[in-house]
Amino acid sequence: MLRYIVFLILSVTVYQLSAADLTIGPEQNLYEAVRKIRNSRTPGDTTTITLHLAPGTYRLDRTLVLRPEDSHLRMAGTTDNEGNPLSTLSGGIELKGWRREGKLWSCPMPEFNGRPMEFRQLYINGRKAERCRDVKQWDDMARVLSQDRENQVLYVPVTPALRQLERQGAQQAEMVLHEMWCISVLRIASVQQVGDSMAVRFHSPEARLQFDHPWPSPLCHDRPKGWNASPFYLTNHKALLDQPGEWYLDLQARRVWYYPMPGEKITEAIAPAIETLIAVEGTMDRPATDIHIENIGIQHSTWLRPSLQGHVPLQAGMPLTEAYRLPEMRKRVRNFDLDNQGWLTRPAAAVRISGAKDVWMEGCSLSLLGSSGIDYEWNTEGGGVKNCKFNEIAGNGIVAGSFSPAALETHIAYDPSDRRVVVRGLQLSDNDIQYTGTEDWGTLAIAAGYVASIRIERNTISHVPYTAISLGWGWNADKSCMHDNRVADNKITHYAMHMYDCAGIYTLGNQPGSEITGNHISDIDCPSYAHDPNHWFWLYTDEGSAHIWVHDNHCPSDKFLQNANGPCNVWQNNVDSVQTAPVAH
């Protein structure tokens with residue numbers, strides 16, 4: 001009898017522990033707090049436990065991974081009176097030891113976890129500093145003259161900056177090349193004057209990718225004269241450090257250099273050290289379930305692939321791993337002929353979710369990030385992103401679904417036999433997304449690939465470099481895993497700040513039951529350096545788009561494009577004729 005009473009007491013004690021919320025401050029260990037909650041649970045316990053984060057900055061030294069054992073967790077920060085998060089997770093470290101050297105300030109290259117730390121962003125006094133470059137205004141970018149694909153050489157005009165790189169060596173210098181709907185980041189191997197032009201060669205693997213892949217191209221002979229050559233700028237060399245607000249990391253000297261703004265004193269300098277701050281990871285058969293991340297700031301993520309391998313994307317910022325032109329056009333049943341092949345990976349994200357069910361981000365603020373903000377990668381059901389703010393993001397704001405698995409050629413429709421792998425039932429609603437794609441101009445506010453039953457609704461999107469919302473993938477009208485997607489009641493303004501061949505809302509692929517309705521699209525920007533000043537649209541159903549109902553959208557004119565579409569798209573009432581009131585946000 002006594003043993004039975006003891007068992008009951010222990011059982012009650014365990015249950016109370018598993019149901020207890022936990023509050024921590026920024027001086028405490030976040031990883032240990034999650035572990036404590038995980039270990040307090042009994043098998044089968046579905047009680048929601050809340051981890052409260054007191055106001056302050058929680059500096060991470062590695063990714064916080066939430067697993068199936070962390071199911072039914074609510075991680076909640078605190079907010080001010082206007083709902084802005086006061087609890088922030090930061091993947092950055094502070095740079096110290098600054099000293100004045102003439103016009104510049106410098107400090108030692110930081111170390112992170114015992115090793116010298118490379119980075120591509122720097123935040124001075126809470127403001128993003130500019131990586132040094134050769135042009136002050138984007139309108140001043142020079143344009144490519146010609147290319148030699150066989151020898152992997154770009155010929156460009158002779159400029160003072162290129163003369164300096166030729167004299168001093170091009171160590172660490174990069175060329176950022178504007179190519180219609182995406183940009184390439186190419187690490188410069190050498191610069192040599194040849195006649196009245198400069199021959200620029202690049203490191204591998206991006207040199208091979210850049211000259212092997214046909215689309216997009218730096219020279220587009222089908223474009224109007226004067227618009228067929230790519231503009232470019234140079235960055236990341238000390239010779240280019242000549243404007244207030246710019247910075248440079250010298251890997252050889254292991255020093256960071258900064259040109260201060262007039263009268264500026266460095267009170268805080270943060271460099272990002274971690275690519276992914278939060279990862280939710282489950283399996284197909286045992287997903288991480290019912291996880292809520294609420295009212296938390298996410299800041300200071302990094303992405304180093306461009307520094308290590310360059311960055312040659314196909315579209316939506318998705319990096320190519322192999323690509324080339326086919327020796328002859330390949331016939332495709334029910335689709336247009338194909339002239340190229342490509343395989344992809346995906347950029348890093350500050351928050352990454354896979355193998356999960358009902359994972360929500362609500363009321364969060366994501367800013368000062370080195371690549372994507374949130375990425376629902378694969379095998380997720382339900383959940384979503386609601387009432388979050390995105391600002392100053394180097395790449396995509398929100399990414400959802402597959403953009404072709406790594407081993408699948410990207411023009412083949414993706415239709416997996418086990419549909420659990422598909423991102424499905426996701427809700428992306430009531431978010432404020434602005435100033436994404438600040439470095440990778442070919443990225444989007446919301447990039448959804450192979451998804452099913454996604455809801456993209458009532459978001460406010462502004463000041464983005466390219467298309468605002470992209471839905472679908474594959475350039476293929478064949479059956480895929482996409483269906484029943486809805487893009488509704490979003491307000492889109494000031495898109496295409498840098499790139500054309502774009503739209504407020506853009507689609508690819510066959511997606512039966514999908515609907516685009518009630519969206520308000522206006523105020524496209526007019527970059528002087530776009531390849532074709534007329535090649536932009538309010539709505540754009542691109543190659544293979546099929547079985548999509550596009551109706552009752554609010555657009556200023558009928559500037560739409562239906563390019564190489566599949567069957568059964570229906571367009572109705574999309575020209576400035578919606579009589580409902582503007583979307584309220």
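Assorted remarks:
- Summary of the geometry: the stretch 62-113 and the stretch 406-438, compared by the centres of their Cα atoms, lie 28 Å apart.
- Sparse-neighbourhood loop sites, GluC sites (Glu not before Pro) in the stretch 133-212 - DSSP loop, at most 15 other Cβ within 10 angstrom: E150
- Taking the DSSP beta bridges with both ends in the stretch 290-373, the antiparallel portion is around 50 percent.
- Exposure proxy ranking, count of Cβ atoms within 10 Å, fewest first, for T88, T541, T302: T88, T302, T541
- Site pair N39 and N81 shows an inter-label distance of 4.3 nm when each label is modelled 7 Å from Cα along Cα→Cβ.
- Prolate/oblate/rounded label for the stretch 363-457 (Cα gyration tensor, a/c 1.5): oblate
- The stretch 309-378 versus the stretch 162-239: alpha-carbon centroid distance in Å: 23 Å
- Each Lys and Arg adds +1 at its Cβ and each Asp and Glu adds -1 at its Cβ; summed about the Cα centre, the chain shows a dipole of about 1260 debye.
- Percentage relative contact order, the chain, counting C-alpha pairs under 8 Å, at least six apart: 11 percent
- Estimated 222 nm signal from helices in the chain, with DSSP H stretches of n ≥ 4 weighted -39500 (n - 2.57), rounded to 500: -2500 deg cm²/dmol
- Relative packing of 411-423, 282-294, 31-43, which averages over residues the other C-beta atoms within 10 Å, highest first: 282-294, 411-423, 31-43
- Counted by neighbouring Cβ atoms within 10 Å, the residues C502, C481 run from fewest to most as C481, C502.
- For the stretch 202-215, backbone phi angles converted through the Karplus equation (6.51, -1.76, 1.60; θ = phi - 60°) give residue-by-residue couplings of 10, 6, 8, x, 5, 4, 4, 4, 4, 8, 7, 7, x, 10 Hz, Gly and Pro being listed as x.
- With all pairs of separate Cα atoms included, the stretch 176-246 yields a Kirkwood hydrodynamic radius of 13.9 Å.
- Cα gyration tensor category, rounded, prolate or oblate, for the stretch 346-394 with a/c compared to 1.5: oblate
- Phi to ³J(HN,Hα) by Karplus 6.51 cos²θ - 1.76 cosθ + 1.60 over the stretch 533-540, Hz, x for Gly, Pro: x, 9, 8, 9, 8, 6, 10, 8
- Percent of beta bridges antiparallel (DSSP, the chain, rounded to nearest 5): 35 percent
- With a Förster radius of 51 Å applied to the beta-carbon distance between Q193 and I412, the computed FRET efficiency rounds to 0.70.
- The stretch 99-267: projected area of the alpha-carbon convex hull, averaged over directions, in nm²: 11.7 nm²
- Peptide ranges 97-106, 53-62 listed from the most packed, as the mean C-beta count within 10 angstrom indicates: 53-62, 97-106
- Number of Lys pairs (Cα under 19 Å; 8 or more positions apart or on different chains) in the stretch 99-267: 7
- Förster radius 51 Å - calculated FRET efficiency between A20 and D139, Cβ distance, rounded to 0.05: 0.30
- Alpha-carbon geometry of the chain: the Rg and the Dmax are 24.9, 99 Å, given in that order.
- Oblate is the label for the stretch 245-348, because a/c, from the alpha-carbon gyration tensor with a ≥ b ≥ c as root eigenvalues, is 1.5 or above and a/b does not exceed b/c.
Laboratory data are not the source of any read-out in this text; all were calculated from the coordinates shown. Worth saying up front: this structure is predicted, and the values here are computed from it rather than measured. When we count neighbours, we look across all protein chains shown, and the Cβ atoms used for this are built from the backbone with ideal geometry, even at glycine.
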